[in-house]
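Peer 1: First the structure, which I've put down as structure tokens, then a few questions once you've had a look.
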Amino acid sequence: MPPFVDKAEVQAESEDALEKLVAPQAAPRKFQVVYRNLVTFGLAHLSALYGLYLAVTVAKWYSVFFCIFLAIVAGIGVTAGAHRLWTHRAYKAKMPLQIILIVMNSLAFQNSALDWIRDHRLHHRYSDTDADPHNATRGFFYSHIGWLLVRKHPEVKRRGKFVDLSDVYANPVLTFQKKYAIPFIGTICFLLPTVIPWYYWGESLYVAWYLTMLRYVYSLHVTFLVNSAAHLWGNKPYDKYIKPVQNLYVSFFAYGEGFHNYHHVFPWDYRTAELGNNWLNLSTLFIDFFAWVGWAYDLKTVPDDVISARAERTGDGANKWGFGPEEKGR
Ligand SMILES: [Zn+2]
Ligand SMILES: [Zn+2]
């Protein structure tokens, strides 16, 4: 049983009983600010802004390219790792690929992957209600970053206890990252990206540190956009009755994760999009490459006729790319 489960509470409330109660969409609530998070995020953002200033004024070109490269690697550690592999089990990965992915994921440092997976499974199960950690019904700011600055909604805590994480706790790669989070994630996300530019091409430690903060904050916002913009602005060619949308811009920045109306309808598809193999879906290309190597296997997709039938039945008839004129009929 996961350590955060309170046994007494589990006995008092059964999962079945909870399932019958629909979580409220966005009931009036009092926000309790978590000042530690507010200060940490505030400082990180100021550092990132200063990092941006240094990047365009004094940083060496090598350092800037290194920073961009790491941002992409970190992003794919979230999309292909924590998201598609570990949360949705949309494909399987052999141990060497899981190790590569946990290193890439640690570079992004969005909590431990284990906590990320719990939140994301809850997000899919109770999308856009009070039991969704980043409930987009509360608007852009809350679903983007606000949810991290206030105490969790009681519905999130209440229903979070029942998220099945048995596969996650049985995975040594994920439990290792959680157990050694501070030294492991600290080294990969902050220490090495600061020391490498200094050691290899003589960047100042000062500049390298602020570029690291810039990369870190940038990567956070890329993920946040999937929770905010991709639940608010775009069209719904697969299911017009849900909030998630197709948003091409988010897909560009989030390596293919902005085709979010599709993803919420078919979360087990490893491509997180119908149009998987394209330049906007770097995460899919990454998984395809490792499938070719033989380290990724059992890639799950949805048959075209199933997708078309669903789009026909519940879609809004819009362009499935998430941009351009509305296309009636497909
Ligand atoms: Zn979503
Ligand atoms: Zn998902």
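The values are calculated or read from the model by the stated rules, or taken from the named source; none is laboratory data. Computed from a predicted structure; not experimentally measured. Quick reminder, even Gly has a Cβ in these numbers, built from the backbone with ideal geometry, and neighbours come from all protein chains shown.
Peer 1: Take the conditions crowded, with 24+ Cβ neighbours inside 10 Å and of a type outside the set (Asp, Glu) and apply them to residue 259. Does it pass?
Peer 2: Taking the combined requirement at face value, the residue satisfies it.
Peer 1: State which residue is surrounded by the most Cβ atoms within 10 Å (Cβ to Cβ) when the search covers only the range 85-110 and only residues that are of a type in the set (Gly, Ala, Ser) and within 16 Å of ligand 2 (Cβ to nearest atom).
Peer 2: The residue in question is 108.
Peer 1: Among the residues of the range 296-314, are any touching a Pro at 6+ places or on another chain (Cβ under 7 Å) and at pLDDT below 95?
Peer 2: yes
Peer 1: Any residue in the range 209-222 that's within 17 Å of residue 192 (Cα to Cα) and without any contact (Cβ under 8 Å) to a residue 24 or more places away in the chain: show its pairings with residues that are small (Gly, Ala, Ser) and in a helix (DSSP H, G or I) at Cβ separation under 7 Å, as long as the two are six or more apart or on different chains.
Peer 2: none
Peer 1: If a residue counts only when it is within 15 Å of ligand 1 (Cβ to nearest atom), which helices (runs of 4 or more DSSP H) contained entirely in the range 89-195 have at least 3 such residues?
Peer 2: 113-125, 140-144
Peer 1: For the range 264-276, what are the residues that are under 22 Å from residue 98 (Cα atoms) and either buried (at least 20 other Cβ atoms within 10 Å of the Cβ) or at pLDDT below 85 (or both)? Break it down into steps so the answer makes sense when it comes.
Peer 2: Here is the first cut: in the range 264-276, the ones under 22 Å from residue 98 (Cα atoms) are 267-272, 276.
Residues satisfying the conditions are 269, 270, 271, 272, 276.
Peer 1: Have a look at 181, 113, 82 and point out the one that is more than 16 Å from ligand 2 (Cβ to nearest atom) and either at pLDDT 95 or above or buried (at least 22 other Cβ atoms within 10 Å of the Cβ) (or both). Give the steps one after another, and end with the answer.
Peer 2: On the way: 113 fails: more than 16 Å from ligand 2 (Cβ to nearest atom); 82 fails: more than 16 Å from ligand 2 (Cβ to nearest atom).
After ruling out the rest, the residue left standing is 181.
Peer 1: Let me ask another. Considering only the range 224-235, I want to know if a residue exists there that is within 13 Å of ligand 1 (Cβ to nearest atom), over 24 Å from residue 314 (Cβ atoms) and touching a helix residue (DSSP H, G or I) at 6+ places or on another chain (Cβ under 6 Å).
Peer 2: Within the range 224-235, one or more residues are within 13 Å of ligand 1 (Cβ to nearest atom), over 24 Å from residue 314 (Cβ atoms) and touching a helix residue (DSSP H, G or I) at 6+ places or on another chain (Cβ under 6 Å).
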